[in-house]
Amino acid sequence: MASRIASILAGGEPVGSKVTIEGWIRTRRDSKAGLSFLAVHDGSCHDALQVVAPAELANYASDIQRITTGCSVRCIGELVQSQGKGQSVELRADSVEVVGWVDDPDTYPMQPKRHTMEYLREVAHLRVRTNIVGAITRVRHSLAQAVHRFFHERGFFWIHTPIITASDAEGAGQMFRVSTLDLANLPKTPDGKIDWDKDFFGKEARLTVSGQLNVETYCLALSKVYTFGPTFRAENSNTRRHLAEFWMIEPEIAFADLAADAQLAEDFLKFIFKELLRERADDMAFFEKFVDPECVKRLTSMVETKFERMDYSDAIKTLQSSKEKFEYPVTWGIDLQSEHERFLTEKVVKGPVAVINYPKDIKAFYMRLNADEKTVAAMDVLAPGIGEIIGGSQREERLEVLDRRIEEMKLHAADYWWYRDLRRYGTVPHAGFGLGFERAIQYATGVENIRDVIPFPRAPRQAEF
RNA sequence: UCCGAAGUAGCUCAGUGGUAGAGCAGGCGGCUGUUAACCGCCGGGUCGUAGGUUCAAUCCCUACCUUCGGAGCCA
């Protein structure tokens with residue numbers, strides 16, 4: 001059985017022991033002193049292991065000296081103290097077997113040099129062999145595990161809300177259609193419309209844009225629940241912050257108000273980033289050095305700083321009385337622009353802040369109406385360096401108020417019959433929030449384009465891999 | 001979708017109205033317990049696509065495609 005390079009570099013194998021490693025070549029350097037140095041990575045950690053291959057090996061000239069970046073190898077040998085600088089231990093090889101050659105080294109897309117992220121995106125099947133995408137991938141995993149650990153340890157249940165939805169009541173944005181109908185020969189009703197009754201589900205179906213409405217049903221039985229899964233938006237968004245397919249985390253808690261929701265959001269962010277700093281110090285050091293010098297400081301600060309709370313109305317007053325010149329003017333009733341959010345969290349609070357109680361007209365129908373009848377119990381958690389990172393709310397649990405809001409927003413109560421049922425049968429105050437997983441990864445690593453923090457990005461005109 | 005920028009060797013880029021260069025990568029050789037090493041030599045490009053202007057276009061013009069950045073939408 002091969003050892004993981006992570007375990008070897010962490011001191012899990014004593015010097016002098018015989019080990020086998022399996023991985024891919026980063027670089028080969030020959031020395032005429034009669035040996036070659038192979039930097040081998042297996043993805044288990046950020047660093048590669050240096051393998052020293054002496055010229056006495058039987059296949060030295062035939063194989064080892066022909067090794068290029070990207071070849072896969074199996075190396076067996078003794079773990080020894082390194083004679084050179086840059087690594088503490090290295091593998092003195094008794095055998096180096098090339099498991100897979102690189103066909104044409106001249107055109108192998110990955111080279112031992114710095115590539116642009118744009119270029120790497122064009123070779124998404126190979127880009128994970130680079131330092132940076134490997135690091136992103138391990139960070140992504142570590143954060144995902146921390147998310148589940150946070151909720152599990154606090155008694156939350158993970159609910160697998162559906163990917164396909166036929167309710168068309170989720171509200172947020174353009175949705176992808178799901179259909180098995182023959183596009184070239186659509187069945188029609190007598191009045192010439194598409195006969196959706198002939199489609200797979202007997203009605204129009206789409207990919208979900210949020211698991212929230214579904215997860216609320218489970219919340220009102222299991223008390224503490226969350227979703228963590230893929231979400232889809234068919235918006236023609238071409239930005240470094242949007243994907244057509246992304247992962248979202250949406251906890252929902254029963255017998256809870258907005259204050260409890262904000263506290264949950266604070267505890268949650270602190271937990272996952274603390275765990276990340278602990279588990280992936282190697283990769284975070286890499287991001288700090290090559291991608292974003294502030295990233296570790298930013299996370300450390302968030303973990304240690306108490307989040308403030310600020311009423312939306314106070315936030316507006318603060319913005320209005322500031323001397324800052326904003327591109328968008330500030331009046332009560334507007335949705336805060338990115339520049340406003342950054343100002344509040346970076347200049348006013350100088351730390352994370354939960355802005356609460358937004359005007360009802362700029363928020364969704366399901367958010368709970370406050371006593372002033374003008375605002376709803378919504379919150380946005382803002383953080384320095386990014387602005388909004390979490391959005392959430394207390395949900396409207398009073399049926400008559402919910403119905404009024406549905407009507408005001410020109411929605412159809414009938415579309416929400418099962419959602420309304422929750423308010424008819426044993427309703428309780430409850431609250432939740434949503435976090436875009438990829439945006440959390442961007443925040444943690446400083447990677448600028450969201451397409452680089454998901455293995456295979458889906459965006460307008462982009463679904464090659 | 002709107003605004004702006006860019007597409008020249010495998011990669012990163014420079015460059016000129018008279019069909020092009022560098023660094024890295026690759027091949028060969030030299031050198032070294034090396035650290036995306038270093039030194040020398042060599043191969044490699046219908047300059048995004050399609051039209052147009054011109055004696056002549058990679059360079060100027062138009063359209064399109066693609067990518068990037070910003071905006072909107074939002075997570």
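The values are calculated or read from the model by the stated rules, or taken from the named source; none is laboratory data. It should be emphasised that the depicted structure is a prediction, and the values quoted were computed from it without experimental measurement. Positions of Cβ are generated from backbone atoms using ideal geometry, with glycine treated the same way; all protein chains shown enter the neighbour counts. Protein only, heavy atoms only, side chains kept; ligands, DNA and RNA dropped before computing areas. Shrake-Rupley method; radii C 1.70, N 1.55, O 1.52, S 1.80 Å.
Computed values, structure above
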read-out	value
Residue that is farthest from A:VAL355 (Cα to Cα) [pool: residues in segment A:227-250 that are crowded, with 23+ Cβ neighbours inside 10 Å and either among the polar types (S, T, N, Q) or away from RNA strand B (no atom under 13 Å from the Cβ) (or both)]	A:THR231
Answer from A:GLU288, A:GLU327, A:GLU339, A:GLU275 - the residue that is at pLDDT below 95, of a type in the set (Asp, Glu) and within 22 Å of the chain's Cα centre (by Cα)	A:GLU288
Test: residue in segment A:445-462 that is modelled with pLDDT of 95 or more, outside any helix (DSSP H, G or I) and on the phi > 0 side of the Ramachandran plot	no
Selection within segment A:29-41 - touching a Ser or Thr at 6+ places or on another chain (Cβ under 9 Å) and either loosely packed, with under 14 Cβ neighbours inside 10 Å or modelled with pLDDT of 90 or more (or both)	A:ARG29, A:PHE37, A:LEU38, A:ALA39
Segment A:395-437: number of residues that are in a strand (DSSP E or B) and within 16 Å of RNA strand B (Cβ to nearest atom)	7
Of all residues making up segment A:93-148, the number that are surrounded by 15 or more Cβ atoms within 10 Å (Cβ to Cβ), over 30 Å from A:ASP267 (Cα atoms), more than 12 Å from RNA strand B (Cβ to nearest atom) and β-branched (Val, Ile, Thr)	3
Counted residues, segment A:90-109 - those being modelled with pLDDT of 85 or more and over 21 Å from A:GLU56 (Cα atoms)	4
First in segment A:305-316 and within 20 Å of A:THR375 (Cα to Cα), second anywhere and in a helix (DSSP H, G or I) and modelled with pLDDT under 95, Cβ under 8 Å, 6 or more apart	A:MET310/A:THR318; A:MET310/A:LEU344; A:ALA315/A:HIS340; A:ALA315/A:LEU344
Wholly enclosed helices (runs of 4 or more DSSP H) of segment A:263-367 bearing at least 1 residues open to solvent by less than 10 Å² (accessible area, probe 1.4 Å), touching a helix residue (DSSP H, G or I) at 6+ places or on another chain (Cβ under 9 Å) and among the aliphatic types (A, V, I, L, M)	A:281-290, A:295-304, A:312-321
Failed criterion for A:PHE151 (all others in (1) touching a residue at least 60 places away in the same chain (Cβ under 8 Å); (2) within 16 Å of RNA strand B (Cβ to nearest atom); (3) closer than 30 Å to A:LEU264 by Cα; (4) open to solvent by less than 60 Å² (accessible area, probe 1.4 Å) hold)	(2)
Unmet requirement for A:ALA256, which otherwise passes all of (1) outside any strand (DSSP E or B); (2) open to solvent by less than 30 Å² (accessible area, probe 1.4 Å); (3) touching a Ser or Thr at 6+ places or on another chain (Cβ under 8 Å); (4) away from RNA strand B (no atom under 16 Å from the Cβ)	(3)
Residue within segment A:58-65 that is surrounded by 20 or more Cβ atoms within 10 Å (Cβ to Cβ) and aromatic (Phe, Trp, Tyr) present	no
Complete set of residues in segment A:171-211 that are open to solvent by 30 Å² or more (accessible area, probe 1.4 Å) and not in a loop (DSSP other than H, G, I, E, B)	A:ARG177, A:VAL178, A:LYS188, A:ILE194, A:TRP196, A:ASP197, A:LYS198, A:ARG206, A:LEU207
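Residue-wise test of (1) closer than 22 Å to A:GLU266 by Cα; (2) among the aliphatic types (A, V, I, L, M); (3) within 14 Å of RNA strand B (Cβ to nearest atom).
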| site | (1), (2), (3) |
| --- | --- |
| A:LEU336 | yes, yes, yes |
| A:HIS340 | yes, no, yes |
| A:LEU344 | yes, yes, no |
| A:PRO352 | yes, no, no |
| A:ILE356 | yes, yes, no |
| A:ASP361 | no, no, yes |
| A:ARG368 | yes, no, no |
| A:ASP372 | no, no, no |
| A:THR375 | no, no, no |
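So that you can scan it fast, the table gives a plain yes or no per residue for (1) β-branched (Val, Ile, Thr); (2) under 20 Å from the mean Cα position of the chain (by Cα):
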| residue | (1), (2) |
| --- | --- |
| A:VAL80 | yes, no |
| A:ALA93 | no, no |
| A:LEU120 | no, yes |
| A:GLY134 | no, yes |
| A:ILE164 | yes, no |
